[in-house]
Amino acid sequence: MINYLIKSIINVLIIIFLGAQSFIYLINQRPLTENFSQKKMTVENFSSIVLSNSGITKIGSEKLNRFDENNFYLEGKSYLENKEYKIYGKNISINLSSEISYSNESVEVVNKIGLLKAQGFKNYDYDGKILFEGEVEFVIKK
Amino acid sequence: MLYLFFFSSANAEGYVKAGESLIWDSENKSYTANGDVEFKNDKFVAFADKMIANYEEEGKDEVFTVIELFNNVVIEFEDETFKGNYAVYTRNDNIIKLTGDVSIESPTRLLTGSELIADIDNNKRILNSANNESLVEVLLENNANN
């Protein structure tokens with residue numbers, strides 16, 4: 001009888017203990033996920049590849065700041081490079097969901113026609129258009 | 001950087017300059033330049049308020065094939081100056097067509113009309129007019145003295 005009572009008490013304690021463990025596990029899981037997605041990440045001397053409307057684009061910079069899964073900031077000397085163009089600039093913002101990248105700093109673009117210099121750019125990649133604002137000089141190669 | 005240096009100094013044939021903006025539309029294969037536009041190729045220099053340049057692939061490169069110029073168009077070709085409100089240049093046949101209030105000025109004379117077709121390769125100029133009154137020829141000072 002005593003043995004039976006001890007076994008029952010131990011079983012109940014084990015069930016309560018497992019239940020408490022599961023509860024603690026569930027509580028710990030939720031905030032961990034949220035904190036991770038909101039965290040700002042910085043990487044130095046970064047290069048990567050992005051798949052977009054214009055195909056594969058290689059990006060790189062002295063410093064990459066990642067604000068969330070869609071918004072990046074290429075700090076310092078940076079570049080975007082694909083089969084159509086090579087854009088060399090500074091401080092370039094990229095939004096992956098809208099497929100727009102832009103910079104208000106001076107930029108140089110090399111493509112199949114020549115070398116373009118401008119005061120800044122906004123690349124509407126989904127539309128295949130790049131707007132260069134301010135004074136622009138486009139030297140045509142032979 | 002070395003590549004960029006040689007590109008801009010030694011290998012340049014022409015250029016496009018824009019004072020306000022330039023839009024590269026790769027889907028429609030065109031460039032649209034706005035504000036004090038200047039275009040130069042191996043044939044002429046052109047100035048206008050706006051320019052649309054269409055391009056095509058030629059081997060590994062891309063080349064401008066049709067150049068459209070809008071408003072206050074001035075084209076300098078050797079010792080001649082063409083003026084008009086609109087101009088279109090086609091690289092295929094090297095012909096410039098101007099419309100609007102057109103004029104063609106050389107060191108010795110000034111001609112005005114409503115349409116000018118300048119055939120660069122064959123050195124021909126055709127000046128059309130909407131009526132007899134609009135076709136005017138003015139002998140300039142150098143020629144008048146002779």
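A 1.4 Å probe over all protein chains sorts B:Met51, A:Met41 by accessible area into A:Met41, B:Met51, starting with the largest. Between amide H atoms placed 1.01 Å from N, distances below 5 Å from A:Glu84 occur with no residue 5 or more places distant or on a separate chain.
The relative contact order of segment A:41-140 comes to 18 percent, based on Cα pairs under 8 Å that sit 6 or more residues apart. Counting, for every residue in B:80-90, the Cβ atoms of other protein chains within 10 Å of its Cβ and taking the mean gives 0. Ordering B:70-80, B:53-63 by mean Cβ neighbour count within 10 Å, with the highest value first, yields B:70-80, B:53-63.
Which order do B:Phe47, B:Phe82 take by accessible area at a 1.4 Å probe, largest first?
Values: B:Phe47 65, B:Phe82 0 Å².
These residues rank, largest area first, as B:Phe47, B:Phe82.
For the peptide A:125-131, the mean number of other protein chain Cβ atoms found within 10 angstrom of a residue's Cβ is 4. Rolling a 1.4 Å probe over the protein chains gives A:Lys83 an accessible area of about 150 Å².
How big is the A/B interface in buried accessible area, both sides summed, 1.4 Å probe, to the nearest 100 Å²? The buried area between A and B, both sides summed, comes to about 2600 Å².
Using a 10 Å cut-off on Cβ to Cβ distances, tally the other chain neighbours for every residue of B:13-20 and report the average as a whole number. Kindly include the intermediate steps, with their values, before the conclusion.
Values: counts 5, 6, 7, 8, 5, 8, 3, 5.
Other-chain Cβ atoms within 10 Å of each residue's Cβ, averaged: 6.
Note on B:Tyr86 and B:Thr108: the extension gain reaches 5.5 nm, defined as 0.36 nm multiplied by sequence separation minus the Cα-Cα distance.
The values are calculated or read from the model by the stated rules, or taken from the named source; none is laboratory data. Since the model is a prediction, treat every value here as computed from it, not as a measurement. Glycine also receives a Cβ, built like all others from the backbone with ideal geometry; neighbour counts cover every protein chain displayed. For accessibility, only protein heavy atoms count, side chains too; no ligands or nucleic acids. Shrake-Rupley method; radii C 1.70, N 1.55, O 1.52, S 1.80 Å.
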